1. Tell me the residue from 150, 145 that is surrounded by fewer than 10 Cβ atoms within 10 Å (Cβ to Cβ) and within 27 Å of residue 78 (Cβ to Cβ), please.
2. Going through the range 94-109 one residue at a time, which ones are surrounded by 15 or more Cβ atoms within 10 Å (Cβ to Cβ) and either touching a Cys at 6+ places or on another chain (Cβ under 6 Å) or β-branched (Val, Ile, Thr) (or both)?
3. So if I check each of 115, 82, which one is within 22 Å of the chain's Cα centre (by Cα), aliphatic (A, V, I, L, M) and either assigned to a helix (DSSP H, G or I) or surrounded by fewer than 16 Cβ atoms within 10 Å (Cβ to Cβ) (or both)?
4. Only one of these conditions is not met by residue 87: (1) in contact with a Lys or Arg (Cβ under 8 Å, 6 or more places away or on another chain); (2) touching a residue at least 24 places away in the same chain (Cβ under 8 Å). Which number is it?
5. Check whether at least one residue in the range 43-61 is farther than 17 Å from residue 142 by Cβ, touching a residue at least 40 places away in the same chain (Cβ under 8 Å) and open to solvent by 80 Å² or more (accessible area, probe 1.4 Å), and report yes or no.
6. Among 98, 78, 94, which is the only one that is closer than 16 Å to residue 161 by Cβ and at pLDDT 95 or above?
Amino acid sequence: MDKTIKSIATNFGIYLGVILSSVTVIAYATNLELLTQTWLGISLFIAIVVFGIIAVSKSKSALGGYISFKEAFTAYFITVMIGILINAVISVIIFNFIDPEAAVTLKELVIEKSIEMMRNFNTPEDALADALNQMENSPSQFAISSMVQSVIIQLIIYSVIGLIISLIMKKNNEDL
């Protein structure tokens, strides 16, 4: 694999990680409720995909306008993986070591938001009670085991998107 692709992807992954971590730190410092907002989640999702696309595009330019499917996917995946991992590490540090009480507060906010959303969808009360019980008894979303599971799930989801993006952006050199 070309060092250029890995270098570009690593740089964009670090930029992405800094942005994601900054959002987490700013929300932690100002208003934890921001981390429960749907619009923020959608914005971060879009930012992750866009950074992946930019990494593929920059890699393609660095390779003279041609990029194979494998190279495109590698650029995308490395970028997304590094960004997500940096943010996960920062989140674990903040919510497990610096301020574990913030993790408890955030869990309560997520439960409130989830119950409110379920009520908006006219969920029966017995189902609400079961869901509430399950959420209250689940481990913190910032426990290391939960974060590892979350990172794996995110990487799978973003990989599917990356496969599609790589298919769209690949361009083989017909002269070779």
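The values are calculated or read from the model by the stated rules, or taken from the named source; none is laboratory data. Please read these numbers as outputs of a predicted model, since none were measured by experiment. Positions of Cβ are backbone-derived with ideal geometry, glycine not excepted, and every protein chain shown enters the neighbour counts. Ligands, DNA and RNA are excluded from the accessible area calculation, which covers all protein heavy atoms including side chains. Shrake-Rupley method; radii C 1.70, N 1.55, O 1.52, S 1.80 Å.
1. Details: 150 fails: surrounded by fewer than 10 Cβ atoms within 10 Å (Cβ to Cβ).
On inspection, the qualifying residue turns out to be 145.
2. Listed by number, the list holds a single entry, 94.
3. Working: 115 fails: within 22 Å of the chain's Cα centre (by Cα).
After ruling out the rest, the residue left standing is 82.
4. The number of the failed condition is (1).
5. Here is the first cut: in the range 43-61, the residues farther than 17 Å from residue 142 by Cβ are 43, 45-61.
Next cut, touching a residue at least 40 places away in the same chain (Cβ under 8 Å) only: 48-49, 52-60.
From what is left, the residues that are open to solvent by 80 Å² or more (accessible area, probe 1.4 Å) are 58.
The answer is yes; a qualifying residue exists.
6. Values: 98 fails: closer than 16 Å to residue 161 by Cβ; 94 fails: closer than 16 Å to residue 161 by Cβ.
Only one candidate passes the filter, namely 78.
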